[in-house]
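Undergrad: Starting off with a structure, shown below.
The values are calculated or read from the model by the stated rules, or taken from the named source; none is laboratory data. Note that the coordinates shown come from a computational prediction; the quantities given were computed from them, not determined experimentally. Please note: Cβ atoms are built from the backbone with ideal geometry, for glycine as well, and neighbour counts cover all protein chains shown.
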């Protein structure tokens, strides 16, 4: 290299800075927790459904990717990398490859300290081996010899009894799942998933084959012109999600560093989710250096209620515990076929998607005023065109889609990022009330891509050293009625968060969020619609000794009221401790949460460590406490054992839940166990 001495000096002078950043990210959980918690800002759920994405990030930790051979597709799998950062990194590799050290990342334009800290655990720098074309026969031969296997089983045991087990539920109250995964490099993956929910029979009634749910996939990647081939269970993600959306970073977050645009891809379905996937075959082929053609077909049996030859409802729980749930199992056949064509040349990317899907009988759910324009009929189609373009530090992405009933949906992103780490993003979406995409999932206030218009503006900056400031404002409207508002309505969502890192071991953050929406006033049968106001304040202090202890304290206050009605409040105090030792393969984590809310509208959410590849974000209303203990022991390079016990204790009730899920008493405790074998 012409300026090699200068280059080496710059790299050496920055080694200490990078080392400090790496120390603050000792464990992969730090980043993954940040992802999950930021996503739970808008749509908090009791257990995250991003199992596969988290597992893929964890796979990269076990075998880091070589920067000297890394591809655009591999970089796009990291949700913390923006399109600009990927372009700058690829340009740097093109000019200066091979890289000699990972510290060269500091020389890449647009790479800030936080992004580098996230990226370092997943990459390495190694020599470039000569790359030959891969043949299927050679791939299979090498896979048998060098492939890696992983078996993971999970068992959940409740220390309570639901009312349904007295007469309705066919099976025992334990949950059990089994996962087998085989992979060879990034080229070949194969897996089998089996699951039995609590209350479902095992090897009895209609589950004579053992488990209630089975799923299989075979995935081949980057074999000559074949980009992807998946047989079995798979998922689709194209454009910005207006037709097919399966990304886990599509909603509002509290940092633009975690905001990722969706990429055209076919992914395996390797989780225990029984509903949100396709089953059949999907393939993507490089027809030229710049174009890729994808095609797919799916045939699935769904759970639904059928009356007089019509489908009146579709069930999305995956539960088959009672006679009624058993009778709905596999009663509806759904078929899907479609294609996607993408073109990418330099800073320009274009795509087109077409999908056609149908049921074996007409779908006619119960008609309600707010669901007048929901999905109805037997045959449906969607089509869209998407684009992405970058000009210097400015980038834009978007998609325009149409559906069977003539409705149109559009979403457009405009983003700017400067070298100092300041970012600005503007999002506009227009989802017509008569547009419907069964498999769509895109940016918005709600989960469905329908009946919503809005503008979202967010900014992130570093006003002072060690300080990160985030501000966002979302103005949205629903032209047609919604589930909780019997007229057209509108609202706004404002969020402010400031993070401060006084030293490498301490991290503080303060968040304030205000939301205004319109909702039916209870007890008026929807005749009165009033604005509702929600205020949320949260303070968090995290301390990492960089030796063996990490602590985290969270305080949260919620306030809710209808316009002209009394205020109600919710409080939460959470404390967690995590212990890990460098020379002993044991990790311990304990957490205690105390909560008190006036009603369900002031409920609080407590982020909690879950089992492998999962996190738990339960909601609490009423008065009580929860504690959990988490143990992980890596016996050796092959075996790992994980135990988690959690119990929620209510101080304001003697019955938890209702109906078949009713639990007598004020305590709800569970023991979860996982055992993993790798060879």
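Undergrad: Please state which one of 400, 408 is surrounded by fewer than 16 Cβ atoms within 10 Å (Cβ to Cβ) and more than 20 Å from residue 275 (Cβ to Cβ).
TA: Selected residue: 408, the only one of 400, 408 that is surrounded by fewer than 16 Cβ atoms within 10 Å (Cβ to Cβ) and more than 20 Å from residue 275 (Cβ to Cβ).
Undergrad: Another question about this same structure. Can you tell me which residue among 414, 341 is at pLDDT 95 or above and either surrounded by fewer than 19 Cβ atoms within 10 Å (Cβ to Cβ) or outside any strand (DSSP E or B) (or both)?
TA: Details: 414 fails: at pLDDT 95 or above.
After ruling out the rest, the residue left standing is 341.
Undergrad: To continue, here is another question. Can you tell me how many residues within the range 169-206 are closer than 19 Å to residue 660 by Cβ and either touching a strand residue (DSSP E or B) at 6+ places or on another chain (Cβ under 9 Å) or at pLDDT 90 or above (or both)?
TA: Selection size over the range 169-206: 13.
Undergrad: Here's a follow-up. Where residues in the range 592-606 are surrounded by fewer than 22 Cβ atoms within 10 Å (Cβ to Cβ) and more than 23 Å from residue 561 (Cβ to Cβ), which of them is nearest to the chain's Cα centre (by Cα)?
TA: Only one residue fits best here, namely 592.
Undergrad: Can you confirm whether the range 519-535 contains a residue that is closer than 25 Å to residue 602 by Cα, within 24 Å of the chain's Cα centre (by Cα), crowded, with 16+ Cβ neighbours inside 10 Å and not assigned by TED's automatic domain parsing to the domain that holds residue 605?
TA: No, because not a single residue in the range 519-535 is closer than 25 Å to residue 602 by Cα, within 24 Å of the chain's Cα centre (by Cα), crowded, with 16+ Cβ neighbours inside 10 Å and not assigned by TED's automatic domain parsing to the domain that holds residue 605.
Undergrad: Checking the conditions here, which among 552, 538, 516 is assigned to a strand (DSSP E or B), in the same structural domain as residue 597 (by TED's automatic domain parsing) and surrounded by 14 or more Cβ atoms within 10 Å (Cβ to Cβ)?
TA: On the way: 538 fails: in the same structural domain as residue 597 (by TED's automatic domain parsing); 516 fails: in the same structural domain as residue 597 (by TED's automatic domain parsing).
Just a single option satisfies the conditions, and that option is 552.
Undergrad: State yes or no: is residue 501 under 28 Å from residue 415 (Cα atoms) and either modelled with pLDDT under 90 or in the same structural domain as residue 568 (by TED's automatic domain parsing) (or both)?
TA: yes
Undergrad: Also, quick follow-up: Within the range 344-373, can you find the residues that are assigned to a loop (DSSP other than H, G, I, E, B) and surrounded by 16 or more Cβ atoms within 10 Å (Cβ to Cβ)?
TA: Result: 364, 365, 373.
Residue-wise test of (1) on the phi > 0 side of the Ramachandran plot; (2) surrounded by 16 or more Cβ atoms within 10 Å (Cβ to Cβ); (3) outside any strand (DSSP E or B).
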{"residue": "628", "(1), (2), (3)": "no, yes, no"}
{"residue": "632", "(1), (2), (3)": "no, yes, no"}
{"residue": "641", "(1), (2), (3)": "no, no, no"}
{"residue": "648", "(1), (2), (3)": "no, yes, no"}
{"residue": "652", "(1), (2), (3)": "no, no, yes"}
{"residue": "668", "(1), (2), (3)": "no, yes, no"}
{"residue": "672", "(1), (2), (3)": "no, yes, no"}
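Undergrad: So which of 295, 305, 284 ends up being at pLDDT 90 or above, surrounded by 19 or more Cβ atoms within 10 Å (Cβ to Cβ) and more than 30 Å from residue 460 (Cα to Cα)?
TA: None of the others qualify; the one that does is 284.
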